[in-house]
1. Under 5 Å between amide hydrogens, which residues at least 5 positions from Ala216 or on another chain qualify, with H placed 1.01 Å from N in the peptide plane?
2. When ranked by the protection proxy of mean other Cβ atoms within 10 Å per residue, highest first, what sequence do the peptides 197-205, 239-247, 88-96 form?
3. What does the charge count around Phe88 come to, taking other residues whose C-beta lies under 12 Å from its C-beta (Lys +1, Arg +1, Asp -1, Glu -1)?
4. Evaluate the distance, in nm, between pseudo-label points positioned 7 Å from the Cα of Asp187 and of Gln112 along their respective Cα→Cβ axes.
5. How much FRET efficiency would the formula 1/(1 + (r/R0)^6) give for Asp236 and Gln203, where r is the Cβ-Cβ distance and R0 is 22 Å, rounded to 0.05?
6. Among rounded, prolate and oblate, which fits the range 135-243 when a ≥ b ≥ c are the square roots of the eigenvalues of its C-alpha gyration tensor, a/c under 1.5 means rounded, and a/b larger than b/c means prolate?
7. Whose amide H sits under 5 Å from the amide H of Ser137, counting only residues 5 or more places off or on another chain, with H placed in the peptide plane?
Amino acid sequence: MPHHRMTSGSITVKELLGGVTEEPRAKHRLATDSTDKFKGMAGVAVAAGALLGTMAQAAPAMATTDLGAEGISDAVDLPAPAPVATPFGLAGLPVELAGPLAQAEQIIKDLQAVPSAVAPQTAAPAPAVLPVGGEISSGYGSRWGAFHYGVDIADALGTPIQSAMGGTVIEAGPASGFGQWVRVQQDDGTIAVYGHINEYYVQAGDRVNAGDVIAAVGNRGQSTGPHLHLEIWDQDSNKIDPVAWLEGNGVVTEQRWGTD
């Protein structure tokens, strides 16, 4: 079997292996360099993205800030104060605003926590008052063969008449049989009628409260003497007993009967 002879152009096994091992090493170095370059480019991209995000957040503030001579705001170089609280539900406030507002919010909460027993008390308005303080000369019910649909309270001519309850005036002026009257649509849905009045001080559409003077006792119309004829009509316009209505609203009446 012939032997291979080494010639000057022949390559040894060592040289062959050496050539093979050197090539992968070169490739390995190339791959490492490529990875490093890729990581560097990715880092630059992330940094650029962060910068763009920061600029986008700062753009509204920069738009409202006066620019210096070179077109750059002096405030851009100053770091924004970090929010430390959310008083009244306002998030993102700087320290110099959040601190005082948080203190004010706490003061309000402390005041709201004060027991109602020590809070200032205001008197509730009276639900109803007696229109005049004279004697009841004729009550609600049958009288002289007819039905008397109100209550007559005798008093001196010109005595102020108060509104029995708060409400809205729906009519003030002449009225058949009464000479003159005032009618008030009351807050409970009823209507109060003040008849035989000498003069009135309100007009239709006026808002009145319980105790407001709306007229004066008179002797007009079909009357035998100065008195107030008071009627109360319910929500269905039925005429009900005024004394019962007054007492139902906390007004105590003294039924002192006269001879009118």
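Rule-based calculations on the coordinates, nothing more; no lab input. Not measured: the values here are computed from a predicted model. Neighbour counts are summed over all protein chains in view; Cβ atoms, including those assigned to glycine, are modelled from backbone coordinates with ideal geometry.
1. Ile161, Asn198, Glu199
2. 239-247, 197-205, 88-96
3. Charge balance in the 12 Å sphere: 0.
4. 2.7 nm
5. Step by step, r from the Cβ atoms, then E = 0.25.
6. Judged from the Cα gyration tensor, the range 135-243 comes out oblate (a/c at least 1.5, b/c at or above a/b).
7. Amide H to amide H, under 5 Å and 5 or more residues apart or across chains, Ser137 pairs with Asp152, Ile153, Ala154, Gly258.
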